[in-house]
1. State the number of residues belonging to region 426-446 that are more than 24 Å from the chain's Cα centre (by Cα), over 13 Å from Asn407 (Cα atoms) and charged (D, E, K, R).
2. Restricting attention to region 209-234, report how many residues are in a strand (DSSP E or B) and touching a Leu at 6+ places or on another chain (Cβ under 7 Å).
3. From the set of residues in region 625-675 that are aromatic (Phe, Trp, Tyr) and in contact with a strand residue (DSSP E or B) (Cβ under 6 Å, 6 or more places away or on another chain), which is farthest from Glu562 (Cα to Cα)?
4. Which condition breaks for Val342 when tested against (1) within 28 Å of Ala120 (Cα to Cα); (2) assigned to a loop (DSSP other than H, G, I, E, B)?
5. Suppose we keep only residues that are among the aliphatic types (A, V, I, L, M) and either in contact with a strand residue (DSSP E or B) (Cβ under 8 Å, 6 or more places away or on another chain) or in contact (Cβ under 8 Å) with a residue 60 or more places away in the chain (or both) within region 498-515. Which one would you say is nearest to Arg346 (Cα to Cα)?
6. Here are Phe459, Phe428: which of them is crowded, with 18+ Cβ neighbours inside 10 Å, of a type outside the set (S, T, N, Q) and not in a loop (DSSP other than H, G, I, E, B)?
7. Looking at the structure I just gave you, is Leu202 over 17 Å from Tyr543 (Cα atoms), crowded, with 19+ Cβ neighbours inside 10 Å and out of contact with any Pro (no Cβ under 8 Å at 6 or more places or on another chain)?
Amino acid sequence: MCALIETSPGRAYPLGATVQGDTVNFSLFTQNGTAVELLLFDRYDDSQPAHVIPLDPIRNKTFYYWHIAVHGIGSEQIYGYRVCGPYRPADGHRFNFAKVLLDPYARGIIHGDNWSRAQAKGFGTNYASSMKAQVVDRQDFDWEGDRPLGLSFCDMVIYEMHVRGFTRHLSSGVELDAAGTFAGVIEKIPYLRELGVTAVELLPIQQYDPQSVRGRNPFTGERLVNYWGYEPVGFFAPHQGYCCTERYESAVDEFRHMVKALHRAGIEVILDVVFNHTAEGDADGPTISFRGLENRAYYMLEPDRSVYSNYSGTGNTLKCNHAIVRRLILDCLRYWVQEMHVDGFRFDLAAILSRDEHGRPMKNPPILWSIESDPVLASTKLIAEAWDAAGLYQVGSFIGDRWAEWNGRYRDDVRRFIKGDRGTVRSFAACLMGSPDLYTDPGRQPHRSINFVTCHDGFTLNDLVSYNRKHNQANGEGNLDGLDANHSWNCGAEGPTDVPAIERLRLCQIKSFFAVLFVSQGTPMFLMGDEVRRTQFGNNNAYCQDNGTSWFDWDLVQGNAELLRFVRGIIRFNRAHPSLNSDSYISENRKPHGGPRYLTWHGVRLNRPDWSDDSHSLAFTLHDYPGDVDIHVIVNAYWESLDFELPEPPQGMGWHQAVDTHLASPADLPDEGSRPAVTAAHYRVAPRCVVILVASPS
């Protein structure tokens with residue numbers, strides 16, 4: 001043990017570790033803890049702390065906040081806590097004085113091979129094998145004038161991506177040390193710009209536990225790990241594994257450099273945040289932080305308080321509407337906006353945030369209204385995954401005036417119609433128009449519907465048209481994990497095939513999905529690699545596959561250049577037409593107060609859409625929209641070619657083919673100046689294809 005160091009009482013606010021010159025103020029919440037020790041370490045894997053500083057319950061405690069100022073230390077100091085208190089699970093108390101605990105407000109969290117989830121269980125001391133916090137000076141960074149971009153939802157094309165998976169593959173071509181890191185993302189910004197996306201939605205980048213997944217791949221023996229990152233241990237700290245240098249304290253700055261570089265390219269940064277559970281799991285899980293600080297405050301418990309409520313499907317559920325957890329969530333969001341310059345958040349299993357401490361849905365959840373009304377977050381994107389793992393489904397009814405929602409109904413209805421299911425034409429039409437049947441609030445804008453066909457959770461777009469069923473055996477769960485209701489179709493063969501006709505059909509289907517996505521009202525989002533047919537080999541739940549199953553194979557960029565060209569083109573087409581990005585709902589009915597009619601529905605015959613359960617085709621015309629030309633869209637999900645009557649184009653104009661997903665490149669999406677004229681009164685649309693015509697001068 002080293003010599004004593006100088007301390008003073010410190011302050012209760014701000015929570016966490018705050019650098020003040022050559023002093024660091026530490027503040028921690030625990031209501032029922034009876035003794036607190038601050039532990040200072042020289043290295044993350046030290047077997048003993050360099051200093052053990054007991055906090056006096058009189059001198060170093062204000063209400064439920066334990067605090068101390070330590071002099072002569074600063075940024076990069078490694079620390080943790082031990083907290084003594086009752087261990088009475090039946091009463092909800094699980095204090096464990098043997099365990100090193102993370103500061104919930106830690107801005108940096110570090111570990112190496114020393115971290116052992118197993119040793120964080122039980123009652124043995126885990127000095128050497130614990131994760132530890134690190135002091136971070138938040139002011140020491142040159143933003144060079146950077147600020148969040150403040151794009152409107154109308155200007156957004158969202159690309160859901162995984163930081164590690166984006167550049168980890170050997171084919172990525174990034175600097176070796178940067179592969180799979182924030183720095184690797186920076187190297188690929190030119191690709192993102194050329195693709196046309198205006199926002200990246202990053203799977204969790206807050207520090208998570210990579211060891212939260214048990215087991216091995218039954219085929220390779222490879223140890224399975226938490227790849228997606230939905231097992232948080234620190235909400236304020238960037239994940240250390242995405243840092244490319246050996247200086248563990250540099251993760252904060254590496255994240256900031258990435259944000260700054262993306263902003264310079266006109267690309268917003270949206271974080272997928274997980275405020276519904278933590279990596280501590282159920283009653284058999286490890287003690288890492290919250291469980292050992294104040295279990296009853298942080299977690300929902302059953303009437304038998306030794307049992308954790310499990311609305312997240314992961315073993316525990318954060319008590320989001322408890323005052324302490326509400327404060328943590330708000331402080332965290334403000335931190336990522338003010339100090340890290342992020343542009344928005346996607347809230348994982350956001351329906352949980354509407355539950356009270358007993359798990360009951362609340363009419364006016366305090367945390368959701370607090371987030372919505374917070375002035376620091378006023379210009380921040382708020383996106384809800386409006387369901388949870390216990391059956392609470394709030395798509396279309398999520399609380400608040402400004403929340404956007406992942407539209408899970410859009411995903412399912414579009415998949416089913418394009419696949420050829422009966423009875424789907426009306427729901428498909430609603431998807432095209434921004435789901436006005438789902439979002440009935442008259443003041444709501446269509447762009448608050450986040451439209452997607454695929455996301456990280458499920459099949460990739462390639463696999464959606466290549467597999468009839470999931471193939472998750474590599475996850476080691478007997479293929480019992482992952483959804484069975486995928487609404488997928490393999491086009492005639494399960495998995496990879498050399499049959500040219502099947503491959504042509506699959507490519508056509510993928511193009512059609514992209515075409516529908518980008519002619520739908522609402523905010524489009526698509527999954528990393530879908531633009532080049534990234535495959536997970538039929539795995540629809542690759543949460544534990546930190547390998548080629550999940551990584552972006554950059555050889556596909558060249559191998560699927562035709563599709564990539566199409567996706568870039570359909571994004572440009574969407575951006576060029578205001579009628580596809582309306583800030584109010586467009587329907588066949590006149591707008592309030594006698595406004596103009598902008599939409600007309602058709603079937604194979606003009607003005608006669610077939611709304612029957614046997615219908616597999618639909619067409620519509622967007623016309624007279626201010627600042628735009630007329631657009632005619634035809635979707636033929638039938639298994640035979642159909643002849644569609646065409647409306648008369650505006651006077652002095654003629655129809656020109658902008659998209660035909662049946663044709664090979666470049667005829668599938670010709671350059672604007674070379675779009676072929678369509679002079680006939682009909683257009684023959686091939687089976688399972690989408691055609692888009694644009695009115696241009698004859």
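The numbers here are math on the coordinates, done by the rules we state, and not lab data. Predicted model only: the values in this text are computed from it and were never measured. Positions of Cβ are backbone-derived with ideal geometry, glycine not excepted, and every protein chain shown enters the neighbour counts.
1. Qualifying residue count, region 426-446: 2.
2. Residues flagged as in a strand (DSSP E or B) and touching a Leu at 6+ places or on another chain (Cβ under 7 Å) within region 209-234 amount to 3.
3. My answer is Phe644.
4. Single failed check for Val342: (1).
5. Within region 498-515, the match that is nearest to Arg346 (Cα to Cα) is Ala515.
6. Among Phe459, Phe428, only Phe428 is crowded, with 18+ Cβ neighbours inside 10 Å, of a type outside the set (S, T, N, Q) and not in a loop (DSSP other than H, G, I, E, B).
7. The answer is no for Leu202.
Yes or no, residue by residue, for (1) at negative phi; (2) over 22 Å from the mean Cα position of the chain (by Cα):
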residue	(1), (2)
Phe219	yes, yes
Tyr230	yes, no
Ala237	yes, no
Gln240	yes, no
His257	yes, no
Gly266	no, no
Val273	yes, no
Ala279	yes, no
Asp282	yes, yes
